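The values are calculated or read from the model by the stated rules, or taken from the named source; none is laboratory data. Predicted model only: the values in this text are computed from it and were never measured. Here the Cβ is made from the backbone with ideal geometry for all residues, glycine too, and neighbour counts use every protein chain on show. Surface accessibility is based on the protein's heavy atoms, side chains included, excluding ligands, DNA and RNA. Shrake-Rupley method; radii C 1.70, N 1.55, O 1.52, S 1.80 Å.
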Amino acid sequence: MTTLDLRNDTSTLLTRLGVALGNHAGDDLIVRSPIDGSEIARLAADNEATIADKIGAATGAARAWRDMPAPRRGACVRLFGELLREHKETLGRLVTIESGKILQEGLGEVQEMIDICDFAVGLSRQLYGLTIASERPGHRMMETWHALGVVGVISAFNFPVAVWSWNAALAFVCGNAVVWKPSEKTPLTALACDALWRLAAARAGGIPGGLSQVVLGARDAGVAVARDKRIALVSATGSTRMGREVAAIAAERLARTLLELGGNNALIVAPTADLELAVRAITFSAVGTAGQRCTTLRRLLVHRSLHDALVARLRAVYASLPVGNPLASDTLVGPLIDADALARMQQALTLARADGATVHGGEPVAAVGQGAYAYPALVEMPAQTAVVCAETFAPILYVLPYDTLDEAIALNNAVPQGLASAIFTNDVREAERFVSDTGSDCGIANVNIGPSGAEIGGAFGGEKDTGGGRESGSDAWKAYMRRATNTVNYSGALPLAQGIRFDV
């Protein structure tokens, strides 16, 4: 595929999605496709004044939006979901060109957007509070939930549209406006999503303008969003380093944060495991998205009785994985996001070898143009060393043996991150132990399924250096609202709580 093809393909896709690229032209952001490293667009970045204007527009829109009944807000999100269905193939292909994930994963990411819209539409009629028994006669106590105002979303390159939608769909039905600062590596998909949202709002009619704002730029733009006092909640997805910076900036003004950060996810293969099932789950979890998921499987903890046989099987599977152009239908592993990511992968493998590892695979692949491709690496480690405890955003799977379940759980938990984890076992006691208080310390703990991938219905996020935030399903909507406790006195007296007497 030539550079001209990718650039023209991108331009055509953006036109279909309603993006007038000329309105964003500039030389601040050079957008390159990981497929071959070619330039596919040049954009102007927002400056301090334009960022302030966009946040101001969102603030004004939020005031009108919160007064609309939640089911009507949900109806607009439903129209957005319908547009995503209509443009799934187009947006999915754009995701692949801009982020490098294989086409089926690009399409799957858009499907996640559709699914969260469906979830949010139902939620728009279920923003329930509580009625609480009062100790005072003639009184009613209750909880009510109200819109925050403006939600800031800072997203990463690896899920350039899904993560925004997890936040935005819920934030919208909860009555908020959304200011989105996408990764500077994937701004085009953000412009496309914004265009589709605006089209949905136009079709719905009567929707305040300015509800969705996209802020283009690099680190400084994210800092500006995190610092602005009009942003009630900052939801940030990315590295732990970035999350700490965002949290510190927001803390200066006592703002809320929702952080979904790094992962260093482990899978335990117990003696009773179904190995056929395990091999499939291990492979997809470890090499999907070229190892660039926060839920990527990075540590494989195998019972010593199975270790050698399982490693042999995985070596054979890894040797057969098609690596190459992610737009090709037979490709399973696409490129890393850029040359820096490839260099970090090679550096991690060098450190692992210095720790006594045996490395299978991991070599750079002859590039498509200037794309950064590598074979997935299967790394037999003698121990869980520092390089294993650090997250390298690449297809590296460290394999370690264990002897007892206690040892395996301790290894699972002995890293700074706490996002996803899994165990393969047919022993119900082992399974229950793993998901208990004394088992995995991660936000996601699975049995007989890999750590990678999440359904919309469950709250997504993790503990420790993963940040503690929760996005998407369950009661994650509460993060996008403020809670008020209300007491209504319908009696003719004024009794005080705890039986206190105060007469005047």
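For this structure, a couple of remarks:
- Residue that is farthest from residue 122 (Cα to Cα), among those in the stretch 59-97 that are open to solvent by less than 50 Å² (accessible area, probe 1.4 Å) and in a loop (DSSP other than H, G, I, E, B): 87
- Candidates in the stretch 476-504 are the residues that are touching a Leu at 6+ places or on another chain (Cβ under 7 Å) and open to solvent by less than 90 Å² (accessible area, probe 1.4 Å); of these, the one that is nearest to residue 147 (Cα to Cα) is 481.
- Candidates 162, 169, 177, 192, filtered to the one that is more than 25 Å from residue 470 (Cβ to Cβ), open to solvent by less than 20 Å² (accessible area, probe 1.4 Å) and touching a residue at least 40 places away in the same chain (Cβ under 8 Å): 192
- Yes/no for residue 109 being closer than 23 Å to residue 455 by Cβ, within 23 Å of the chain's Cα centre (by Cα) and either free of Cβ contacts under 8 Å to residues at least 60 places away in the same chain or not in a helix (DSSP H, G or I) (or both): yes
- In the set 222, 262, 210, 206, only one residue is open to solvent by 20 Å² or more (accessible area, probe 1.4 Å), touching a helix residue (DSSP H, G or I) at 6+ places or on another chain (Cβ under 9 Å) and of a type in the set (Gly, Ala, Ser); that residue is 206.
- Filtered by the rule that a residue be farther than 23 Å from residue 416 by Cβ and in contact with a Phe, Trp or Tyr (Cβ under 9 Å, 6 or more places away or on another chain), the stretch 436-473 gives 447, 448, 449, 456, 457, 472, 473.
- Listed conditions (1) on the phi > 0 side of the Ramachandran plot; (2) over 17 Å from the mean Cα position of the chain (by Cα); (3) open to solvent by 10 Å² or more (accessible area, probe 1.4 Å) are all met by residue 228, apart from (1).
- So residue 421, is it within 22 Å of residue 165 (Cα to Cα) and polar (S, T, N, Q): no
- Taking the numbered list (1) in contact with a Lys or Arg (Cβ under 9 Å, 6 or more places away or on another chain); (2) under 18 Å from residue 291 (Cβ atoms); (3) not charged (D, E, K, R) in turn, residue 372 passes all entries but (1).
- Taking the criterion of being outside any helix (DSSP H, G or I) and more than 19 Å from residue 372 (Cβ to Cβ), the residues of the stretch 1-28 that qualify are 17, 18, 19, 20, 25, 26, 27, 28.
- Qualifying residue in the stretch 461-483 (condition: touching a Ser or Thr at 6+ places or on another chain (Cβ under 6 Å), under 30 Å from residue 70 (Cβ atoms) and either touching a residue at least 24 places away in the same chain (Cβ under 8 Å) or in a loop (DSSP other than H, G, I, E, B) (or both)): no
- Hits in the stretch 299-309 - residues which are buried (at least 21 other Cβ atoms within 10 Å of the Cβ) and hydrophobic (A, V, I, L, M, F, W, C): 300, 301, 302
- Count of residues meeting criterion [part of a helix (DSSP H, G or I) and either without any contact (Cβ under 8 Å) to a residue 12 or more places away in the chain or on the phi > 0 side of the Ramachandran plot (or both)] in the stretch 429-454: 2
- Within the stretch 459-472, the presence of a residue that is over 17 Å from the mean Cα position of the chain (by Cα), polar (S, T, N, Q) and surrounded by 22 or more Cβ atoms within 10 Å (Cβ to Cβ) is excluded.
- Residue match in the stretch 40-58 (condition: assigned to a strand (DSSP E or B), out of contact with any helix residue (DSSP H, G or I) (no Cβ under 7 Å at 6 or more places or on another chain) and either touching a residue at least 24 places away in the same chain (Cβ under 8 Å) or not small (Gly, Ala, Ser) (or both)): yes
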